[in-house]
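Heads up: the structure comes next, in structure tokens.
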Amino acid sequence: MSQIQDEIKNITATLPQGARLVAVSKFHPESSIEEAYKAGQRIFGESHAQELCRKRELLPKDIEWHFIGHLQTNKVKYIAPFVAMIHAVDSMKLLREIDKQAEKAGRTIPCLLELHVAKEETKFGFTPDECREFAAEGSWKPLAHAPICGLMCMASNTDDMEQVRAEFRLAHGLFNELKAGAFADRPCFKECSWGMSHDYPVALEEGSTLIRVGSKIFGERMY
Ligand SMILES: *Cc1c(COP(=O)(O)O)cnc(C)c1O
């Protein structure tokens, strides 16, 4: 069995009930994705629209493609006809465009709100307070083709696992708060997308339902 297949088997064996693996295949060739596919993996994550569209053409049609990176509004139309989930929605403008393009394609695309909890500066993602405001304000409610199905975050890039744990715990606390509050009547609000190669075991302990693991499975990125 290949190393890729070994890693897939090892990781999926540790998943608690209700948690799923998104195999992050960005910058890895189709042949690596095929290896993972042979091990039974069906959910793959990509972060560039063009790369995703190309791979989708070449690979089996029962793959569930998740878009995990920052998505520009003008790229939504290319992936809307097939993408299974968009993980990092960080503005109302983007959500509206996803809704519009999903409707055009006759689809519903589950979306996650990107939460900024890490120490690093970034221009992407909602702070916890911005996320609360967004949820309470309610403009997302009529967007039936782009339902908000949970939260996504990245922890600080550090070896300090207590710091990482604190950040995931903050995200999970906010998830529970919103689930009992603004999203109480939305059963689809159920996903917690956190955990990458170096921190997914901690993420699973802190409520993750979708881990996004790349380099641990596929090795260092090829291009
Ligand atoms: C690349 C990427 C991952 C996977 O990171 P690894 O450290 O390779 O596991 C997860 N989430 C996002 C948003 C990414 O861009």
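Per-residue ellipticity at 222 nm computed for the chain from its helices equals -11500 deg cm²/dmol, with DSSP H segments shorter than 4 residues left out and the rest contributing -39,500 (n - 2.57). Each part gets one Cα centre, and for segment 1-47 versus segment 163-223 those centres are 17 Å apart. Projected onto their three principal axes, the Cα atoms of segment 22-86 cover extents of 34, 20, 19 Å, largest first.
Of the peptides 211-219, 74-82, the order by per-residue mean of other Cβ atoms within 10 Å, starting with the highest, comes out as 211-219, 74-82.
The residues neighbouring residue 22, those whose beta-carbon lies less than 13 Å from its own, together hold a net charge of +2 under the Lys/Arg +1, Asp/Glu -1 convention. All Cα-Cα separations within segment 67-120 were binned at 5 Å from zero, giving a P(r) of 4, 22, 35, 22, 8, 5, 3, 1, each value a whole percent of the pairs.
Shape descriptor for segment 3-218: Rg over Rh equals 0.95 (Cα atoms; Rh from the Kirkwood inverse mean 1/r). Of the accessible area of segment 1-158, computed with a 1.4 Å probe over protein heavy atoms only, carbon and sulfur atoms account for 49 percent.
Computed from the C-beta positions of residue 133 and residue 38, the FRET efficiency with R₀ = 35 Å rounds to 0.15. The GluC sites (Glu not before Pro) of segment 60-166 that DSSP puts in a loop, and whose beta carbon has at most 13 other beta carbons within 10 Å, are 120, 121. Overall, the chain carries a charge dipole of about 840 debye about its Cα centre when +1 sits on the Cβ of Lys and Arg and -1 on the Cβ of Asp and Glu, all other atoms neutral. Ligands, DNA and RNA excluded, the heavy atoms of residue 73 present near 40 Å² of accessible surface to a 1.4 Å solvent probe. Excluding ligands, DNA and RNA, the accessible surface per residue across segment 71-223 is 46 Å² with a 1.4 Å probe.
The values are calculated or read from the model by the stated rules, or taken from the named source; none is laboratory data. Predicted, not measured: the structure shown is a model, and the values here were computed from it. In this analysis, Cβ positions are derived from the backbone assuming ideal geometry, glycine residues included, and neighbour counts consider all displayed protein chains. To get the accessible areas, we keep the full protein, side chains included, count just its heavy atoms, and leave off ligands, DNA and RNA. Shrake-Rupley method; radii C 1.70, N 1.55, O 1.52, S 1.80 Å.
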